[in-house]
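Just so you know, all these numbers are worked out from the coordinates, no wet-lab data involved. The structure displayed is predicted, hence computed values, not measured ones. Cβ placement follows ideal geometry from the backbone for every residue including glycine, while neighbour counts extend to all protein chains displayed.
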Amino acid sequence: MAEVLTIDTYENFHQAVERAVALLKKGELVVLPTETVYGLAADGLNASAVSRIFEVKGRPGHNPIILHVAGYDMARRFAAEWNDAAEKLAKSFWPGPLTIVLPRAAQVPDAVTAGGETVGIRWSNHPFVQAVIQRAGMPLAAPSANLSNQVSPTNAGHVRKQIGDKIPLIIDGGPCQVGIESTVVDASVTPPRLLRPGMIHQESLMAVVGEIQTTVKNEGKLKSPGQLAKHYSPRASLKILEWRDDEHLARQLNEFGVELSDVHVISHSRIPLKLPDAQLSVIPHDPEAYARALYAEWHRCDETGARLIVMESLPETSEWQGIRDRLERASHHAPKRCV
Ligand code: TXA
Ligand code: MG
């Protein structure tokens, strides 16, 4: 089982940095907290270390991995071209939950780009990630630290349960501050294209770069391979519903033919109080707080073995865009996923 180190004191923080750097330099994998979700990190310039990531996650080889950097200079070193849009996005949102896709520099291994001509670069604002990258003097390739197709981890316990027996070290930084994965923008095209919405939403991006192309989900022409994969999904089948009152909800639940004791309702505004047999979670009706809490709720549903997760529908406003995206994708899945 992985060793777990906390970073809650100055001393622990620095010891954990040294331990993580030593392992990463040997080509081993280490799980690190970021502000979005926990990442499964490898030396981003060591192709065989990066290929271990695919093995541990059971991730298909055609899905590229984000390269994490600490600072503008490092970011520019791994992009073959640094354009005006990238400059504006980086200056506005880095360090933070934004990944910028750009033409790759030759030294970025194929394992990171999945053989493609672009690389996704992110400067995380998490102090631990920054300290490790600076100390090691190398970028870190890191996808979310979950098994492929499962829910991203937002605390060290989630990581331990999924992949704790496959890696030597987990750094426990407590619950992630943002709670859903970074916004991914492809700045190698004009105008830049939003590949994955996140808590930095489309309107914020547009305020900075003007026009933004968006992917139309139904077209099936998504450029980000990760968008095609079955992602972000809890095990249970998931429905997004609206209800006027408890009776209205109960009638809809009835139609699914699932015992109420196998149903988990996750609400934020209309809290059902007359369905005592169902499990109930309430997440605050505030996008930041909601994003921070969401995945832990889904992990809990996986653990309790809920068969049906009912999500109360979300507002259509832009601050909820990234969260709506995760709910919608999770709701499109069959109850039992393949790999
Ligand atoms: O918040 C995050 O982004 C977290 C933390 C650990 O940084 N990482 C993360 O990585 O969510 P991952 O691999 O689970 O998701 C990255 C997404 C995938 O959908 C992948 O296809 C896409 O970004 N991506 C990465 N590099 C890309 C590239 N060069 N072109 C297009 N899409 C890319
Ligand atoms: Mg992921």
For Lys25, the aspartates and glutamates lying under 14 Å Cα to Cα, once residues fewer than eight places off in the same chain are dropped, come out as Asp43
Any aspartates and glutamates whose Cα falls less than 19 Å from that of Lys239, other than same-chain ones fewer than 8 residues away, would be Glu247, Glu255, Glu259, Asp262, Asp277, Glu297, Asp302, Glu303, Glu312, Glu316, Asp325, Glu328
Tyr10 and Glu247 label points (each 7 Å along its Cα→Cβ direction) are spaced in nm at 6.4
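Kindly provide the trypsin sites (Lys or Arg not before Pro) of region 1-109 that DSSP labels as loop, not H, G, I, E or B, and whose Cβ sees at most 13 other Cβ atoms within 10 Å.
Answer in residue order: Lys26.
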Which residues qualify? For Val4, with a placed amide H closer than 5 Å and at least 5 residues away or on another chain, they are Ile170
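Between Arg77 and Asp110, what length in nm is gained on full extension when 0.36 nm per residue of separation is reduced by their alpha carbon distance?
The span from Arg77 to Asp110 would gain 10.3 nm if fully extended.
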For region 14-167 the mean separation of alpha carbon contacts under 8 Å (6+ apart) over residue count, i.e. relative contact order in percent, is 34
Any residue on another chain or 5+ positions along whose placed amide H is under 5 Å from the amide H of His68 is listed here as Arg122, Leu140, Ala141, Ala142
Cβ-Cβ cut-off under 15 Å around Met199, Lys and Arg +1, Asp and Glu -1: the net charge is -2
Here, GluC sites (Glu not before Pro) of region 160-215 satisfying both criteria (DSSP loop; at most 13 other Cβ within 10 Å) are Glu211
Per DSSP, the loop-located GluC sites (Glu not before Pro) within region 47-148 having at most 14 other beta carbons within 10 Å are Glu81, Glu117
The chain: relative contact order from alpha carbon pairs under 8 Å, six or more residues apart, as a whole percent, is 19
Residue-ordered couplings for region 61-77, obtained by feeding phi - 60° into the Karplus form 6.51 cos²θ - 1.76 cosθ + 1.60 and rounding to whole Hz (Gly and Pro as x), are x, 8, 9, x, 10, 6, 9, 9, 10, 10, x, 5, 4, 5, 4, 5, 5
